[in-house]
1. For residue B:473, list long-range residues whose amide hydrogen, built 1.01 Å from N in the peptide plane, is under 5 Å from its own amide hydrogen.
2. When the Karplus curve 6.51 cos²θ - 1.76 cosθ + 1.60 is applied with θ = phi - 60°, which whole-Hz ³J(HN,Hα) does each residue of the range B:34-42 get, with x for Gly and Pro?
3. Less than 11 Å Cβ to Cβ from residue B:378, Lys/Arg counted +1 and Asp/Glu -1: what total charge do the surrounding residues give?
4. Whole-Hz ³J(HN,Hα) for each residue in the range B:169-177, computed from phi via Karplus 6.51 cos²θ - 1.76 cosθ + 1.60 with θ = phi - 60°, x for glycine and proline: what do you get?
5. I'd like the distance separating the alpha-carbon centroids of the range B:343-390 and the range B:296-326, in whole Å.
6. Of the trypsin sites (Lys or Arg not before Pro) in the range B:198-303, which ones lie in a loop per DSSP and count no more than 13 other C-beta atoms within 10 Å?
7. Give me the dipole magnitude in Debye, nearest 20, for chain B about the Cα centre, with unit charges on the beta carbon: positive for Lys and Arg, negative for Asp and Glu.
8. Add +1 for every Lys or Arg and -1 for every Asp or Glu among the other residues with Cβ under 9 Å from the Cβ of residue B:167, and state the total.
Amino acid sequence: MFSSLKQLISLAGKSKKMWMIPIILFIVIVALLIISAQISPLPVFLYPIL
Amino acid sequence: MKILGVSSFYHDSAAALFIDGKLISAIEEERFSRVKHDNQFPFKAIQYCLDSVGLTIDDIDAVAYYEKPLRKFERLLETFVETYPFALKPFLQAIPDWLGQKINVEDIIRKNVGFTKRIYFVSHHLSHASAAYYSSLFKTAAILTIDGVGEYQTTGLWKGDGGTLSPLARIDFPHSIGLLYSTFTAYLGFKVNEDEYKVMGLSAYGSPEYVEDIYHLIRVKPDGSFRLNMEYFSFREGFRMFNDKFISLLGQPRIPGGKIEQRHKDIAASIQKVVEELLFAMLHHLFSLTHTTNLCMSGGVALNALANGKIYTRTPFKHVHILGAAGDSGAALGAALYGMRHGQKKEVNAPITSLYTGSSYSNESAESVLKTYPGLRYRIYDAEQDLIQEVAALLSKGKIVGWFWGKTEFGPRALGARSILSKPSPRIMKDNMNKIKRREEFRPFAGSILQEHVHEYFYTPEKKYYSPFMNVCLVVREKKRNELAAIVHADNTCRIQTVNIDNGRYYRLIKEYYRLTGVPCILNTSFNVMGEPIVEHPRQAIEDFVHSRMDILVLNNLVVTKR
Amino acid sequence: MIALFKRLNAWFISFVLIGVYGIGVGLARLIYMFSAPKETKKDSYWVYETKRRIPDDVFSAY
């Protein structure tokens, strides 16, 4: 999943399309959540409460 | 230079290995995983390619991947943006899938495969164009690439000259002939990306009465360029390819497995006609841009054998090369060919005249499996000539023979290495074969014919017409239709493979059959039953033999019968 | 317990994805609507390649 993040950032840098930026930003958040769910002992669904 | 080409994550994952310009091995992942059109990363296919010549991944100089995954992902996101807010469900399915693996191709190649050197990412249509051009014998050629979609491109016009490929023009997603044909495949109750050839086969039983309606779905210019009328299609925003407006135009879709009515046959005939007209218009335009009578074609739509057979009479092109693996598995090959050219910085000369590039098994390994089947008996033939005489005689008597010999073919067609064979007449052989294969009765069978006799039986563009990859349908000559009754389709065409000395034992078998019967052609269908990929291992062949009405099984030098 | 957490995580991430679609893709749609439309000839839908040369970016996944 870390490599997914790397690829997303690479895509944001290379794409000349402005509308990509908000989507990539939000998908990066999802990717971080997924990474967190894989490695963190804390369930991610608790993050909003914390 | 040792270069490995790879395709994956859409359909027909495959790997292909070239060493110093020569194709050494190539095979689809489905043959090992036994998942038809398997789209998972082809680890087993890669391992086979390496093992076939005793290499490890460290011996490989470069890996070439058949598309640019980030650009494809960008197109996917653009589609979600264009169709907002209607594409939520596909979005929810696609994003985890892409984040999970599809976007990480480089990582998979480096970490899971263990490759550390350079990776080429060759754009999808360039992979197709390379597969078509660099595998041909042409120095100069016009090239048409046409499929569902790559990154953005769905159609490409190219010129190949002195080993250099030049892009001329393109059409981008969502305007796609491949997706148009697939939409009709789905509408007629068949599986998308699997059953398009069923629509082609069904078209022979219908008349093109819906052509005018179909031209509501697509706007075409005289130069063959086109736009789909997206008001009728929903493949961007949903999982169904057509919408209610499409249904209002053409009527209710056929339920999968449901009865096939005349209306369905007529619709199949209509879409086939429209696609052919479009294709020929494109080819005329391509000719005007390139001024050469040599043509190469690639991409999934290039598997439309019915259209391919008409190119000679409907366009200025006189010499046509369509690689047998014209779909995405062939794109793995094309990516490697392009990477080779780029890496070597010199002309790539890698004509491909044989697709016997897959796995093979010894007599001993086949025998060891056979011994676990007490209900079967077998005889080993030391001399090939004796084996061929025996099998040809059985064929002439109407026996149905499972033929498993040598290296398996690359691409969707069986070319005499993993085939089920029978004599090409009478008509009942077709029905018997359809029962063995558990196929719909409207499906036609193809033939393998000695190249030196092809013009006697078919209307060919030249006397010794060369079509080794079974991707062209030709009209059967009137006087020969009885002799080929089991393989002549309702429209008097037949999909054919010309066979010559390069086909080895398969050629010698047909030669012997010709000597016995005076007919230089046999029925050839792929060695598999419905729903499974072509057999790869002797055990799979034996299982199909045991559970079907095949009379004889030939495993290399072993002839097997049921007790 | 872990299985339950995993399921709840999956639900939560799906919920976030819906939010991403709603807001992220929605924002992108707004920007997209102001992008310049593609120019094509009126008598043809072909997009002709201006440079008849393949770009030399074969090592890029983009």
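Just so it is clear, none of the values below were taken in a lab; they were calculated from the coordinates. It should be emphasised that the depicted structure is a prediction, and the values quoted were computed from it without experimental measurement. Positions of Cβ are generated from backbone atoms using ideal geometry, with glycine treated the same way; all protein chains shown enter the neighbour counts.
1. Amide H neighbours of residue B:473: B:306, B:308, B:309.
2. Karplus-based 3J(HN,Hα) across the range B:34-42 equals 6, 9, 4, 6, 3, 10, 6, 4, x Hz.
3. Numbers: positive: B:371, B:377, B:379, B:562, B:563; negative: B:367.
Counting the neighbours of residue B:378, the net charge comes to +4.
4. 7, 8, 10, 10, 3, x, 7, 8, 5
5. 29 Å
6. Values: sites: B:198, B:219, B:227, B:236, B:240, B:245, B:254, B:259, B:263, B:265, B:273; in loops: B:236, B:240, B:254, B:259.
Sparse-neighbourhood loop trypsin sites (Lys or Arg not before Pro): B:259.
7. Values: 69 positive and 60 negative charges, 203 e Å.
Dipole of chain B, to the nearest 20 debye: 980 debye.
8. Numbers: positive: B:159, B:170, C:51, C:52, C:53; negative: C:49.
It works out to a net charge of +4.
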